[in-house]
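Worksheet for the structure shown next.
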Amino acid sequence: MTNDNMPLQKTDLHASLKKYFGFSNFKGLQEDVISNILQGNDTFAIMPTGGGKSLCYQLPALIQEGTAIVVSPLIALMKNQVDAIRGISSHHGIAHVLNSSLTKSEVKQVKQDISDGITKLLYVAPESLTKDDYVDFLKSVKLSFIAVDEAHCISEWGHDFRPEYRNLRSIVDRLDPTMAIIALTATATPKVQEDILKNLGIPKAKTFKASFNRPNLYYEVRPKTADVDSDIIRFVKKNAGKSGIIYCLSRKRVEQLAQILQVNGVSAVPYHAGFDAKTRSKYQDMFLMEDVDVVIATIAFGMGIDKPDVRFVIHNDIPKSIESYYQETGRAGRDGGEGHCLAFYAYKDIEKLEKFISN
Ligand code: ADP
Ligand code: MG
């Protein structure tokens, strides 16, 4: 354990990285971000998808006294991370999710682990933090900092606006107005960044912005013709055995293309928000566990998907914005290996998209 206000020595930080995560080197700006957090400063980290943002708050949480609150927009994201952290510790209670799906006795256990100083990371959805019971409890325990992951959800200018994210400042004020806030996002537009700092009330936060250049990604645009199906089949077959995601604008097209690929011998599953949660998580797991090579999906698929070896991302339709194109293609090559991003473009898709967006 370290003194709260004493920054760790560089060597200690590397030792902790190795000890907890097994990595020998920090990626990009991780070390600078982590040092800043350990000094108790408000911090804003803008790093591309796959840049290693989670570790920026996980490592300081693990080595500091108290519990870090991690705000995250999706239950699936939280579960993923909690499982991963539990995997590196002998204490099941080292990480917990606190949400409305827990039973009374589960909540009691979570609170006990926090009070006992066992829990280093507490994942919560922003709406859970509005519960008086939780706030009163969290006020009474030792907290290290609050991390706001996917912080662009705060901004109406962002692509995943979540109104509950806008209450975070007042919650922090209730918990401990002096607590350091760490915001993290992959969204680089100045408007969204401004909104995040303003809304979280951390105008002086030190901002760390990584390079968004992903040299391992290869971008290609092809004209979309009547032969697009066979173009896609050919591409996927040439990349047989590799993991890939194919994005389509409509659910109908997702199902159609999935069928076309399946009858052509490609192991593929469809994914869109029209399937029930059980089916969705089944298909998602099949992809993650490599029971299938390809997911054909709407943009409902992907946020927080941490499959490092996705080798291609195809856009059957042109995406809604450059920002979303960047996010979606950013799911390729997260391990630093090859990632082929292929987009099919037809002018009439732009018209379709305009109609789709205005609806
Ligand atoms: P982000 O949230 O920025 O999209 P993640 O936190 O999900 O990225 O991390 C992406 C991947 O990078 C994960 O598989 C993670 O284990 C890996 N990673 C993070 N930090 C390091 C590191 N220092 N060395 C090697 N791999 C790392
Ligand atoms: Mg992340």
Checking the condition within 16 Å of ligand 1 (Cβ to nearest atom) and not assigned by TED's automatic domain parsing to the domain that holds P190, which residue from R280, R311 passes? R311
Could you list all residues from segment 312-329 that are over 14 Å from D231 (Cβ atoms) and in a loop (DSSP other than H, G, I, E, B)? I318, P319, K320, S321
Would you check which residues across segment 144-176 are open to solvent by less than 70 Å² (accessible area, probe 1.4 Å), among the basic types (K, R) and away from ligand 2 (no atom under 16 Å from the Cβ) and list them? R169
Only one of (1) away from ligand 1 (no atom under 16 Å from the Cβ); (2) farther than 23 Å from V33 by Cα is not met by S155, so which one is it? (2)
Taking into account only those residues within segment 177-192 that are surrounded by 22 or more Cβ atoms within 10 Å (Cβ to Cβ) and among the polar types (S, T, N, Q), which is nearest to ligand 1 (Cβ to nearest atom)? T185
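The values are calculated or read from the model by the stated rules, or taken from the named source; none is laboratory data. The shown structure was predicted, so the numbers you read here are calculated from the model rather than taken from an experiment. Every residue, glycine among them, receives a Cβ derived from its backbone with ideal geometry; neighbour counts consider all protein chains shown. Areas reflect the complete protein model, heavy atoms only, side chains present, ligands, DNA and RNA absent. Shrake-Rupley method; radii C 1.70, N 1.55, O 1.52, S 1.80 Å.
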